[in-house]
Structures are given as C-alpha cells and as structure tokens.
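To start, the structure itself, in structure tokens.
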Amino acid sequence: MTSAPSSIIIELPAWLSDFMAEDKSVYPDKTSRMQLAIRLARRNIEQESGGPFGAAIFDMSSHTLLAAGVNLVVPSNCSIAHAEMVAITIAQQKLGSFDLGAEGLPRFELVTSCEPCAMCFGAIPWSGIRHLACGARDEDARAIGFDEGPKLSDWSAALNERGITVETDICRDEAIGVLNRYAELNRDIYNARQS
C-alpha cells in the first residue's frame, strides 16, 4: 500500500487547456452552446484523452464561455472526473468561489452533451448553476453500456423546484452520434455494472 497523497490532481488534456485559453467566442444561442459541448466530447475521443462526454459553463447574460470540461475518468483513474464535474471545478477555481450562484456573480448555465448521471445530478444544485441544457439522454448513454446510476424519475422537475431550469434533447442526434462512435471504437465503458 502506498502513502496517502498530499494533493489531488486531475490533469487536463493540453488541447483543452489551450482551447480555454484561446476561446473568446460568444455563443449566442442554445444550439451553438450545445454544439460546443458535443465538439468537446468528440475531440476527447479523437485525442484519446477520455470518454465521450463534454460540458461547458456559460455566463447566461453575455453567452461567453467560463469553463469547459471533458470526461477524464480513465486517464485520471478517478471515477468522479466526469465532464460536468470537471467544468464545474474549473469554473469554481477560476472564480475563487465554491458557489457559482453567489451574490455579485452572473447567472451561469451548464451545457452538457448528455443528461447528468446520478453523481452529476447531485452536484448541480450544490454548484450554484441556474440552468442546465442537455443533448443526449440518460438512456442513450445506457444504450452503449454506461452505468448512469439511480436518479429520480422526474429529475428535471426536482431541479426546477430548486430554481434550476432544464432543457433537454438539444442536438440529441448529434450527441448520440458521439456516444455511438466511442462504442464503435471499442473504448473503455467504465463502471458498466452488469447484474
């Protein structure tokens, strides 16, 4: 057994760090914002830097990108390194606040290429995100073998009750295409618990 680590490090792919440093674009509509999340997921597959999921956090007023995330579970050996969790963590670190809904901050939207799994669903209210936009559905990720965990059957209503609006099925077919491509490449389907 090795000694306990003194820090936790999840290394971002160089291409993602470069993208965030260079991106000054405005994403004026929900389609352009979702296409960015899907593009991130696709690039993550192409670069072999992780799983087929991408997420981005945008300022809801200016429609500028605050943070981008991709699934890094396999390369980081960390089951919590989902695209949404990576994007939320980057946003919180950039702003120096664990609460993205804190007073004085703009309202933020999380755009993700697939509906959140059970873990990411739980993190959304705690993060301070005010709007969630999703591409593929939970069932689409499950169709290729991913274990999304147990989630409330009416999860979007539960978020709405907490003041977080939800939109689903944005560019769904395109997002499903990325999931299917990942499966065709026979990449790791982690946590695929088969009972």
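The values are calculated or read from the model by the stated rules, or taken from the named source; none is laboratory data. Just so it is clear, the structure is predicted and the values come from calculations on it, not from any experiment. With ligands, DNA and RNA removed, areas are computed over all heavy atoms of the protein, side chains included. Shrake-Rupley method; radii C 1.70, N 1.55, O 1.52, S 1.80 Å.
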Residue-averaged 222 nm ellipticity for the chain, from DSSP H runs of 4+ at -39500 (n - 2.57), nearest 500:
-12000 deg cm²/dmol
What does the accessible area of residue 32 come to, in Å² to the nearest 10, when a probe of 1.4 Å is used?
30
Calculated from backbone phi, Karplus (6.51, -1.76, 1.60) coupling profile of the stretch 70-86 in Hz, x at Gly/Pro
10, 6, 10, 4, 5, x, 9, 6, 9, 5, 8, 7, 7, 4, 5, 5, 5
Using only alpha carbon pairs under 8 Å that are at least six residues apart, calculate the relative contact order of the chain and give it in whole percent.
18
Listed by chain and number, the residues whose amide H is under 5 Å from that of residue 67, excluding neighbours fewer than 5 places away on the same chain and using placed H, are 57
Leaving out ligands, DNA and RNA, and with a 1.4 Å probe, what % of the accessible surface on the chain is carbon or sulfur?
49
Determine how many Å³ per residue the convex hull of the Cα atoms of the stretch 97-181 encloses.
94
Near residue 94, which lysines are there with a Cα under 22 Å away, not counting those fewer than 8 places off in the same chain?
24
Taking only Cα atoms of the chain, radius of gyration then Dmax in Å:
15.8, 51
Please compute the per residue accessible area over the stretch 25-183 with all protein chains in place, 1.4 Å probe, rounded to a whole number of Å².
42
What aspartates and glutamates sit close enough to residue 30 to cross-link, taking a C-alpha to C-alpha distance under 20 Å and skipping anything fewer than 8 places away on the same chain?
59, 84, 109, 115, 138, 167, 169, 173, 174
Run the Debye formula on the Cα coordinates of the stretch 1-90, all scatterers equal and no solvent, and tell me log10 I(q)/I(0) at q = 0.12 1/Å.
-0.37
